[in-house]
Every structure is written in structure tokens, then in C-alpha cells.
Amino acid sequence: MAIISQRQLFSWKEIENLADLERFSMLLKYLPDEKLMKALEAHRKRGRDDYPVRAVWNSILAGIVYQHQSIESLRRELMRNGQLRQLCGFDMPKGMSAIPSSNAYSNFLKLLLKQSALIEELFDDLVEKLRGLLPDFGEVLAIDSKAINSRARRKSKHNNIDARGESDADTGVKTYKGKRKDGSLWQSVKNWFGFKLHLIVDAEYELPVAYKVTKASASDITAAKDMVDDLALNRPVVLENAKHLLGDKAYDGSELITTLWDEHGISPVIDIRDLWKIDGARLVQGQSNVSHDYKGTVSCHCPVEWIKRPMAFGGFEKDRQTLKYRCPAKHYGLKCKGKEKCWISDSIRIDIDSNRRIFTPLARSSYKWKKMYKKRSSVERVNSRLDESFGFEKHYIRGGGKMEVRCGLALIVMLGMAYGRVKQKQKEHIRSLVTSVA
């Protein structure tokens with residue numbers, strides 16, 4: 001907690017949105033940042049202390065809470081808003097001179113960059129605190145990446161005229177494909193120069209549990225594997241608590257799917273790409289009249305009329321690592337002329353090892369899979385908040401290290417406010433990160 005106790009010398013009567021100030025005050029009250037504060041103060045011990053570390057840190061948080069896109073915008077707000085200056089902990093008798101200069105903020109941000117490990121530790125600490133207050137926190141996770149455009153010019157070996165150029169970023173390409181109602185196919189290609197923020201969030205509470213910043217060209221599935229491995233090594237409790245991981249087609253891969261289930265017991269609910277060169281269905285291994293499509297829908301074929309009917313999903317048998325499918329004629333009471341000649345008496349079993357992408361512990365063809373997958377949109381909403389409420393839609397950040405720290409700070413504010421809501425018995429407002437609660 002970086003709140004500074006200070007004797008009130010003035011009674012500020014400026015017309016301000018008190019709810020916003022109370023919201024910021026709540027963040028300062030519940031943010032467990034003492035370790036970071038001591039590290040920053042220890043670093044400055046022998047240097048000048050014109051602007052107290054805690055006050056400057058608090059003002060940086062205020063800039064994120066109140067959606068300031070630049071330090072100059074934040075400084076203008078501090079100049080006009082006496083209540084905010086006081087809440088941050090600046091020396092009120094000094095008036096405007098208490099506000100750090102642009103150079104002071106620049107130096108402070110460089111100092112923060114050196115403490116990136118403690119910022120990550122603060123993020124992890126907040127995730128753990130929320131997990132302690134919310135027993136189901138982290139059971140259903142969703143993963144996605146977010147493009148972060150850079151407004152800086154690309155720096156190259158041959159063109160290094162502008163020192164403000166960006167050398168850590170590169171170009172990313174994302175292709176979206178689909179099918180229209182009339183059956184025609186469409187495709188949209190998005191290009192951007194900048195970075196990618198890879199996020200794993202709790203799908204129920206829409207809060208982050210892990211993040212990683214890469215260049216724009218980085219593979220989503222490679223980043224996902226790295227994040228899962230990092231969690232297994234450094235924060236295994238996150239994976240131990242997880243039951244499902246939701247992801248779009250970018251995360252469709254046998255290695256990730258197998259790792260999630262075999263090593264961590266996490267059921268992958270990941271959309272699948274159509275890699276079949278020939279459309280249609282294929283026989284299930286060991287079956288003569290049972291087929292499946294690339295999405296894992298299993299169907300039986302009447303041995304007399306060869307009518308194709310979807311089989312009823314009977315559940316996942318964990319001890320056998322098999323999916324059970326029942327005869328549709330018996331399960332649904334359908335009439336089948338080949339019922340007597342069909343060798344399937346009641347049900348069949350499909351070993352998930354026959355194709356780990358297609359046959360997952362939570363069957364792709366089941367109602368539960370479809371219902372669970374809808375929750376994947378939670379990570380998209382978190383990404384949207386980062387753009388709209390935390391300033392990533394328009395920013396002036398250059399450098400991979402700075403971008404990672406800035407992303408970490410935004411996510412810390414998001415978690416800190418959610419933690420404060422829960423501590424203040426306002427769990428129903430856990431997602432109210434920007435708008436105030438009456």
C-alpha cells in the first residue's frame with residue numbers, strides 16, 4: 001500500500017467526480033505494492049528526492065485509471081486537480097511545483113523498467129489474493145492474443161535518422177476466414193506493425209491470470225505453450241486449479257492439447273481448423289459403419305439403407321481415456337431398418353489417442369462443449385477494455401521492455417480494482433473498472 005498519510009492543510013472544494021476519486025483511493029488502499037515501493041526507494045536512497053517515490057508511483061497509477069494517454073496529459077490533470085494531487089501524496093503547500101517534471105517522470109519510468117520482475121511479482125500476488133477470495137477463480141480459463149499497434153516508425157540498419165523509431169517491434173499478419181449464408185467463402189487479412197499481448201484470463205470473472213508480450217509476428221500457439229510451461233514451473237497452483245482452457249483456432253495443435261490434458265488435467269476447449277484436403281467423413285478406427293468429420297461429430301450408417309445418423313454422446317470415460325457414443329436408434333427411439341443387422345449392440349468407444357486434435361476429453365460434438373466455448377468471448381472483452389479503458393488503442397510507447405511494463409501496470413490496475421471490489425463486498429461490480437459504482 002503506497003498511501004501517504006499527510007496532515008490536511010487545505011479544504012479542497014473543487015468540483016470533481018468524487019466517485020472517481022473514491023475508486024482510485026480504493027485501488028491505493030488494496031494494492032499490495034509495498035515490496036515494489038521499498039525497492040524503488042532503496043534505489044533512490046543516495047540520489048535526489050525532489051519528488052517522493054510513492055507519490056510519483058501513485059500518480060502513474062492515476063494516469064492509468066483515468067485513461068491518460070501520455071505523461072503530459074497526466075501532468076495537466078494533476079495541475080488542475082488538487083484532490084488528485086493530495087490523494088497521490090504530493091506536498092500540497094508546494095502547489096504546482098510539487099508536480100514532477102517531464103524529465104522526472106521519464107527517469108522514474110526508466111527506474112520502473114529495471115523493476116520489471118517485481119511488477120510481475122505484484123501481478124502474481126494479486127492473482128493469488130483473488131484466488132483466495134474467490135474459490136472458483138481460475139477454473140475456466142480463456143486464451144487469446146491482442147494486436148498492439150506502434151505509432152513509431154520502424155527502425156532499420158539502413159535508416160536510423162529518427163532516434164524515436166521502434167526497433168523491438170515487427171509486422172504481424174492475421175487472417176480471418178469464414179463462410180457466408182449463401183455458401184461463398186470470405187477472407188480478411190489484418191496487418192499491423194507493433195507487438196502482441198498474449199493473455200490468459202478467468203472466463204467467469206473476466207480477469208487476467210497470465211500475460212506475455214511479444215513481437216507482432218510471434219505465433220499464438222508457441223506463446224501459449226511458453227505461458228503454460230512458465231505457469232507449470234513458477235505458478236503451478238494456477239494450472240492445478242484450472243479445469244478448462246478455451247481458445248480459438250489459432251491454438252489448435254496436438255502438442256498443446258496433449259500437454260494440457262496429459263500433464264495438467266486441463267480439458268482443452270479449442271476450436272479446430274479444417275486440415276482435411278478432401279471434404280466428407282472418415283471411418284472411425286476399428287469400425288465399419290461409424291464415421292466422423294473433422295469437427296469430431298460421430299455418426300453411424302444404417303447397414304441396410306446406409307442412412308447417416310449422429311450418434312448420442314455418452315460421456316468421457318477417464319479411466320479408459322475414451323469417448324462413449326450410443327446407438328441413435330436405441331437412445332432416441334428412432335426407427336432403423338438395419339437395427340437387427342447392425343453389430344453395434346448399444347454403444348462404441350473411441351480412444352482419444354486415435355486423434356488428439358479431433359477427439360478431446362470434452363467431446364466437440366457435445367452441447368457442453370458448445371456452451372463452454374461461448375465463454376471464450378470473455379478474453380475478447382478484456383482485450384477491448386485494454387483498448388478503450390487503458391489506452392492501448394492510442395499510445396506513445398516505444399520498446400519491448402517498456403511495452404511489457406506498461407501492459408503489466410494496466411493489468412495490475414485491473415486486478416487491484418477487482419480485488420478492492422471483492423474486499424468491499426461489491427463482488428457484483430468486479431468488472432466495473434472504469435465506470436464508477438453508485
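Among beta bridges from DSSP that stay inside the chain, the antiparallel ones total about 85%. Rolling a 1.4 Å probe across the protein heavy atoms gives the chain an accessible surface of 51 Å² per residue. Each residue of region 52-67 is assigned a 3J(HN,Hα), and the resulting list reads x, 3, 5, 5, 5, 4, 4, 5, 4, 4, 4, x, 6, 4, 9, 6 Hz, derived from the Karplus form 6.51 cos²θ - 1.76 cosθ + 1.60 (θ = phi - 60°), x at Gly and Pro. State the antiparallel share, in %, of DSSP beta bridges confined to region 189-293, rounding to the nearest 5. Just about 70 percent of them are antiparallel. Quick check: the angle from helix 254-264's long axis to the longest principal axis of the chain, C-alpha only, nearest 10 degrees? Approximately 80 degrees, to the nearest ten. Close amide H pairs (under 5 Å, H built 1.01 Å from N) link V298 with M311, residues at least 5 positions away or on another chain. This model, with +1 at the C-beta of Lys and Arg and -1 at the C-beta of Asp and Glu, gives the chain a dipole about its Cα centre of some 960 debye. Per DSSP helix of 4 or more residues, -39500 (n - 2.57); summed, then divided by the residues of the chain. What does that give at 222 nm, rounded to the nearest 500? Estimated from H runs of four or more residues: -11500 deg cm²/dmol. Here's how it looks for S267: its modeled amide H is under 5 Å from those of H244, L245, which are all 5 or more places away or on a different chain. Subtracting the Cα-Cα distance of E380 and I278 from 0.36 nm times their residue separation leaves 33.4 nm of extension gain.
Tally up the carbon and sulfur contribution to the accessible surface of region 316-384 as a whole percent, 1.4 Å probe, everything protein left in place. C and S fraction of accessible area: 49 percent.
Within straight-line reach of K341, meaning a Cα separation under 25 Å, sit the following lysines at least 8 residues removed in sequence or on another chain: K308, K324, K330.
For the residue pairs K146/K177; K277/K337; K174/K368; K129/K196, alpha carbon separations beyond 22 Å are given by K277/K337; K174/K368; K129/K196.
Peptide packing: for 400-411, 285-296, the average count of neighbouring Cβ atoms within 10 Å per residue gives the ranking 400-411, 285-296, highest mean first. Taken one residue at a time, the phi angles of region 90-100 give Karplus couplings (6.51, -1.76, 1.60, θ = phi - 60°) of 6, 5, 5, x, 6, x, 5, 5, 6, 6, x Hz. Gly and Pro are set to x.
Can you bin the chain into rounded, prolate or oblate? Criterion: square roots of the alpha carbon gyration tensor eigenvalues sorted a ≥ b ≥ c, rounded for a/c under 1.5, prolate for a/b above b/c, oblate for the rest. Prolate, because a/c is 1.5 or more and a/b exceeds b/c. Counting only aspartates and glutamates at least 8 places from K94 when in the same chain, those with an alpha carbon closer than 15 Å to its own are D49, D50. Of the residues P361, F123, G82, the one whose Cα sits farthest toward the positive end of the charge dipole of the chain, with +1 on the Cβ of Lys and Arg and -1 on the Cβ of Asp and Glu, is P361. Phi angles across region 210-221 convert, under the Karplus curve 6.51 cos²θ - 1.76 cosθ + 1.60 with θ = phi - 60°, into 3J(HN,Hα) values of 7, 8, 7, 10, 9, 5, 4, 7, 4, 6, 4, 5 Hz, Gly and Pro given as x.
Could you work out what % of the accessible surface of region 224-314 is carbon and sulfur, using a 1.4 angstrom probe and leaving DNA, RNA and ligands out of the count? Of the solvent-accessible surface of region 224-314, carbon and sulfur hold 49 percent. Return one number: the angle in degrees, 0 to 90 and rounded to the nearest 10, between the long axis of the Cα atoms of helix 377-388 and the longest principal axis of the Cα atoms of the chain. That works out to roughly 30 degrees.
The values are calculated or read from the model by the stated rules, or taken from the named source; none is laboratory data. Note that this is a predicted model, so its numbers are computed, not measured. Note that each Cβ is placed from the backbone with ideal geometry, even for glycine, and that neighbours are counted across all protein chains shown. Just so you know, the surface numbers come from the protein's heavy atoms only, side chains and all, with ligands and any DNA or RNA stripped out. Shrake-Rupley method; radii C 1.70, N 1.55, O 1.52, S 1.80 Å.
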